[in-house]
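Each reported figure results from applying straightforward, stated rules to the coordinates on display, with no laboratory input. Keep in mind that this is a model prediction, so the values were computed, not measured. As a convention, Cβ positions derive from the backbone with ideal geometry for all residues, glycine included, and neighbour counts pool all protein chains shown.
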């Protein structure tokens with residue numbers, strides 16, 4: 001991991017009216033220097049971070065020199081959600097996680113962009129929780145984004161999402177091994193029965209343990225080794241606060257204000273943010289927004305397909321990142 005850059009947020013007013021005296025906002029930049037190229041903002045998912053490309057980059061297949069989001073062409077900025085623990089400083093973790101919302105995080109990201117003198121964004125992209133934050137950012141600054149690309153996500157938390165967040169909350173607060181157990185439950189939302197059955201086929205080890213059990217245990221332990229409990233509680237909580245219409249008006253009214261071309265990308269088998277909900281959104285907004293498009297990844301793997309089906313995702317998004325109509329969205 002290269003050295004993180006930091007912006008200090010002082011006296012940040014949260015949506016609930018409380019004030020946070022100090023928050024460090026850590027981020028990384030990749031590709032062209034700020035002010036020299038169109039800016040692409042990439043928002044990470046629940047257990048992700050700002051290292052989107054390079055060594056240990058979680059989206060290397062999409063972002064890099066000569067890749068879909070070509071670092072010869074763009075400046076890529078990725079923020080860490082405050083409290084995600086990626087800076088490695090225990091004092092920067094957040095215990096009062098119920099005070100925070102997706103809207104608060106989106107406002108923090110915009111403040112960070114303003115601090116580095118970026119007022120306009122060519123593309124704003126994120127998967128899962130990162131996509132929810134991208135929706136909110138586009139609403140907060142409706143004239144500042146050319147392309148909004150929410151992937152495997154939704155503009156609101158459905159009852160299904162709320163229910164699963166509640167189960168995760170109970171595990172995180174009551175289990176003797178909270179991170180491991182919560183992660184095992186979450187993995188069953190991120191994949192599908194077809195994906196798991198095809199992968200393991202009831203394989204069993206000599207000691208009697210099934211391969212799928214070993215796989216779940218492995219993912220639980222791996223997350224415990226790199227993720228803090230307070231970070232997991234915060235990220236899980238943020239999912240239930242997602243709603244771009246809260247205290248604003250109807251969905252049609254809110255989205256009509258967004259000037260960006262909207263590219264909603266779903267996974268046909270996503271069990272968490274379902275494709276059906278996103279298709280419904282596109283139909284509802286067809287008359288409210290002149291440029292809203294629906295794209296669907298076909299995959300056996302479910303929600304995590306946006307981290308697996310790279311060829312499909314590249315094909316779907318290639319028209320966006322090869323366009324010649326790139327306004328100057330980097331401001332020195």
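Full extension from residue 211 to residue 298: what is 0.36 nm times the residue separation minus their Cα-Cα distance, to one decimal in nm?
On the way: separation 87, 0.36 × 87 = 31.32 nm, distance 2.59 nm.
Length gained, residue 211 through residue 298: 28.7 nm.
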Next item on the list: Only residues of region 230-264 count here: report those whose backbone N is under 11 Å from the spot 7 Å along Cα→Cβ of residue 95, or say none.
Entry: none
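Work out how much length residue 252 to residue 166 would gain on full extension: take 0.36 nm times their residue separation and subtract the Cα-Cα distance, in nm to one decimal. Please list the in-between numbers first.
Numbers: separation 86, 0.36 × 86 = 30.96 nm, distance 2.87 nm.
Net length gain for the segment: 28.1 nm.
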Item checked: Highest-fluctuation residue, 292, 244, 125 considered, GNM on the chain with Cα pairs under 10 Å -> 292
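Can you sort 56, 6 by how many other beta carbons sit within 10 Å, fewest first?
56, 6
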Next item on the list: Could I have the simple spin-label model distance between residue 6 and residue 276, label points 7 Å from Cα toward Cβ, reported in nm to one decimal?
Entry: 4.7 nm
Next item on the list: Looking at the chain, send over the antiparallel percent of its DSSP beta bridges, to the nearest 5.
Entry: 40 percent
Checklist line | Distance in nm between pseudo-label sites at residue 259 and residue 175 (7 Å out along the Cβ direction from Cα) | finding: 4.6 nm
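Expected output is a single nm value to one decimal: the length gained when fully extending between residue 311 and residue 245, i.e. 0.36 nm times separation in residues minus the C-alpha distance. What is it? Walk me through the numbers before you get to the answer.
On the way: separation 66, 0.36 × 66 = 23.76 nm, distance 3.34 nm.
Gain on extension, residue 311 to residue 245, equals 20.4 nm.
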Notebook entry, point to check: Against the longest alpha carbon principal axis of the chain, how many degrees, from 0 to 90 and to the nearest 10, is the axis of helix 211-226 turned?
Noted result: 50 degrees
Note to self: Along the Cα→Cβ direction, 7 angstrom out, place labels at residue 119 and residue 222. What is the inter-label distance in nm?
What the structure shows: 4.4 nm
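Report the calculated FRET efficiency for residue 284 and residue 36 (r = Cβ-Cβ distance, R0 = 41 Å), to the nearest 0.05.
The calculated FRET efficiency here is 0.55.
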